[in-house]
1. Criterion first (modelled with pLDDT of 95 or more, hydroxyl-bearing (Ser, Thr, Tyr), surrounded by 10 or more Cβ atoms within 10 Å (Cβ to Cβ) and over 13 Å from the mean Cα position of the chain (by Cα)) does Thr21 satisfy it?
2. Please return the ranges of helices (runs of 4 or more DSSP H) entirely within segment 29-90 where 3 or more residues are more than 22 Å from Pro7 (Cβ to Cβ) and modelled with pLDDT under 90.
3. In the list Gly65, Gly37, Gly50, which residue meets the criterion of being in contact with a Gly (Cβ under 6 Å, 6 or more places away or on another chain), surrounded by 10 or more Cβ atoms within 10 Å (Cβ to Cβ) and among the small types (Gly, Ala, Ser)?
4. Leu12 versus (1) over 16 Å from the mean Cα position of the chain (by Cα); (2) surrounded by 12 or more Cβ atoms within 10 Å (Cβ to Cβ): which is the lone unmet condition?
5. List every residue pair whose Cβ atoms sit under 6 Å apart, with the two residues 6 or more apart in sequence or on different chains, where the first one lies in segment 19-31 and is on the phi < 0 side of the Ramachandran plot and the second, anywhere, is not aromatic (Phe, Trp, Tyr).
6. Determine if segment 73-89 includes at least one residue that is surrounded by 12 or more Cβ atoms within 10 Å (Cβ to Cβ) and either touching a residue at least 24 places away in the same chain (Cβ under 8 Å) or in contact with a Leu (Cβ under 6 Å, 6 or more places away or on another chain) (or both).
Amino acid sequence: MLSLLSPFDLQLELGQFVKNTRKLKGYSIQVFSEKTGVPNSTIRKFESTGEISLRQFLMLYAEVGKLTELQQLTQKTEAPKSLDEVIKHA
């Protein structure tokens, strides 16, 4: 499947999402760091470059999002095999 979205683009988008959500919750970087256990410098770097370890991203996401929604990405889903299946489950 062809995608115009690059991993780097998504990194930046995730960093921006976390930053925007942090601000909506009224958290300064300092408060966010205290709540998540992720160092201030790491949060600043992530919000501007998208660079972060997976573990630290999950720590941040646990505060701004729902880890269960993220976990659902790992769950196998069966795609319909025919148009009849699509109609049946509509």
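1. Values: modelled with pLDDT of 95 or more: yes; hydroxyl-bearing (Ser, Thr, Tyr): yes; surrounded by 10 or more Cβ atoms within 10 Å (Cβ to Cβ): yes; over 13 Å from the mean Cα position of the chain (by Cα): no.
Spelling it out, it is not the case that Thr21 is modelled with pLDDT of 95 or more, hydroxyl-bearing (Ser, Thr, Tyr), surrounded by 10 or more Cβ atoms within 10 Å (Cβ to Cβ) and over 13 Å from the mean Cα position of the chain (by Cα).
2. Working: elements: 29-36, 40-49, 54-64, 67-71, 83-88.
Per the criteria, 83-88.
3. Numbers: Gly65 fails: in contact with a Gly (Cβ under 6 Å, 6 or more places away or on another chain); Gly37 fails: in contact with a Gly (Cβ under 6 Å, 6 or more places away or on another chain).
The conditions single out Gly50.
4. In the conditions (1) over 16 Å from the mean Cα position of the chain (by Cα); (2) surrounded by 12 or more Cβ atoms within 10 Å (Cβ to Cβ), Leu12 misses (1) alone.
5. Close Cβ pairs satisfying both conditions: Lys19/Glu47; Thr21/Val64; Ile29/Asn40; Ile29/Ile43.
6. no
The values are calculated or read from the model by the stated rules, or taken from the named source; none is laboratory data. Remember, predicted model here, so these are calculated numbers, not experimental data. With ideal geometry, Cβ positions are generated from the backbone for all residues, glycine too; neighbour counts draw on all protein chains shown.
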